[in-house]
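Since every read-out is calculated from the coordinates, none of them should be taken as a lab result. Here the structure is a predicted model, which means the values were calculated and not measured. No Cβ is skipped: glycine too gets one built from the backbone with ideal geometry, and neighbour counts run over all protein chains shown.
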Amino acid sequence: MYRYDNGSLFCEQVNLEEIARSVGTPCYVYSSRSILNAWRAYDEAFGDIPHVVCYAVKANSSLAVLSMLAKAGSGFDIVSGGELFRVLKAGGDPARVVFSGVGKTATEIEAALRSGIRNFNCESEGELNEIDSVAGKLGVTAQFSLRVNPDVDAVTHPYISTGLRDHKFGIDIAAASDVYRRTRSLSNVRASGVSCHIGSQILDYSPILEAAGKVLNLIESLQAEGLPIDHVDLGGGLGIAYQPGDEAPGIRDFITDMRERIGRARLTVMIEPGRSIAGPAGVLLTRVLYRKKSPAKEFIVVDAAMNDLIRPALYKAHHEIRPLRQTEGKTVIADVVGPVCETGDFLARDREMADVQPDDWLAVSSAGAYGFVQASNYNSRPRGAEVLVEDDKWRVIRTRETYEDLIHGETM
Ligand SMILES: *Cc1c(COP(=O)(O)O)cnc(C)c1O
């Protein structure tokens, strides 16, 4: 959805300079069409297999994004009471919400049960006992799946790989049958599925297929024992192309391959994509403040920093950076750095890029997921604005924070 037209970078039919000038920078921009197309690619590829595409809220939890997806019929994968609050505010259907995460509190569990969510993806026996007890108090039955750890290597950055035996996530798949058996003695929970999520930014999805195969085998044996398992939850994790040379897997290809495995299993399939829906849809706009040279390096100092986009510092992530106005020919090899007082505050290192000058604007690509949601106020920097583009229209969906916002709730 991002392309140059007459030398200017556009999102859908909107010239990004218009947004940068009127809203200021740093500013996140999202293409609504890109988000909806990706969600629909999942939804349509399942065809006649009963399924729920549960968008992983943590990737981009903007109310406008959630509301748009809710209208399209999306389900939601949440990992906190705060995300549940957002989904409900945005008009999401609780009957299409699944609740994941290793550390759900009793308060969060109660809120989820009261709102009538579809399913808890449980990550420990302790948590299951807690859900049983809260459900008992409320006089309801909670549906759950165990998130199993299939011991499959997702082949991604170690911080976003989750499916190996030494990770904190899930229950070892070899122990899962016993745990399911023991849950028969709990009267306020019902085993309805098995879930797994082996990691994020997975470019070769064969490990996800391998994990699904293991999960389907487990489901078969649980059903044979008479457990009422009727769904499989495949988690999220499909990667996107961040840099030239990245071969992003096609959503349709992935689901088509998955359908072949699931075949005749007569299960409802849930999937929890986040990054692959929101990631490519967003850019972070920033303005060049200064150019600076050390004996060893060129620096491009910009007004966005690690507090706005932490992925480069946290995961050594690569984000393409393009000028809003195309420059002819000349390039420079530079570090793109922000104003935060940390050496780790960079958006790019040793990057060959356009030879931009102060007051030029840049777009940091593929920033729609795990961008604004991981932003902080470090260095007392107000978080930037967010904008949603739809065809030739755009609107601010979150205003830039003010200094007053920075001290909200504080006392001397
Ligand atoms: C983070 C997460 C997702 C989404 O992962 P993506 O890589 O953004 O698709 C889905 N399910 C669970 C349980 C998660 O923790």
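How far is helix 106-115 tilted off the main Cα axis of the chain, in degrees rounded to 10, range 0 to 90? So the helix axis and the longest Cα principal axis differ by about 80 degrees. With helices as the sole contributors, the chain gives -8500 deg cm²/dmol at 222 nm; each DSSP H run of n ≥ 4 counts as -39500 (n - 2.57), and the sum is divided by every residue. DSSP bridge analysis restricted to the stretch 101-271 gives an antiparallel fraction near 5%, rounded to the nearest 5.
Each part gets one Cα centre, and for the stretch 337-412 versus the stretch 282-330 those centres are 11 Å apart. Inverting the pair-averaged 1/r between distinct Cα atoms of the stretch 101-271 gives 16.6 Å as its Kirkwood hydrodynamic radius. Within a straight-line Cα-Cα reach of under 21 Å, Lys89 can be paired with the following lysines, leaving aside sequence neighbours fewer than 8 residues apart in one chain: Lys58, Lys71, Lys104. Summing +1 for each Lys or Arg and -1 for each Asp or Glu among the other residues whose beta-carbon sits under 13 angstrom from that of Glu401 gives 0. Label-to-label distance for Asp230 and Phe85 is 3.3 nm, based on points extended 7 Å past Cα in the beta-carbon direction. Using Cα-Cα distances under 8 Å and only pairs 6 or more residues apart, what relative contact order does the chain have, in percent? It rounds to 20 percent for the chain. Full extension of the chain between Val102 and Thr411 yields a length gain of 107.9 nm, computed as 0.36 nm times the residue separation minus the alpha carbon distance. Note on Ala265/Arg40: beta-carbon distance plugged into 1/(1 + (r/R0)^6) with R0 of 25 Å gives a FRET efficiency of 0.55. Evaluated at q = 0.14, 0.18, 0.19 Å⁻¹, a Debye calculation over the C-alpha positions of the stretch 276-412 (equal weights, vacuum) places log10 I(q)/I(0) at -0.67, -1.07, -1.17.
Each peptide in 263-272, 289-298 gets a packing score, the mean of other Cβ atoms within 10 Å over its residues, and the list from highest to lowest is 263-272, 289-298. Nearest 10 degrees is fine. How inclined is helix 125-138 to the longest principal axis of the chain, computing both from alpha carbons? The helix 125-138 is inclined about 80 degrees to the chain.
The angle between the Cα long axis of helix 206-224 and the longest principal axis of the Cα atoms of the chain comes to about 20 degrees, rounded to the nearest 10. Pairs of Cα atoms nearer than 8 Å and 6+ residues apart set the relative contact order; for the stretch 1-136 it is 15 percent.
Rounded to the nearest 5, what % of the DSSP beta bridges within the chain are antiparallel ones? Bridges in the chain that DSSP calls antiparallel: roughly 50 percent. Summarising the label geometry, the points placed 7 Å from Cα in the beta-carbon direction at Ser221 and Leu289 lie 5.8 nm from one another. Solvent-free Debye calculation, one equal scatterer per alpha-carbon of the chain: log10 I(q)/I(0) at 0.06 Å⁻¹ equals -0.26.
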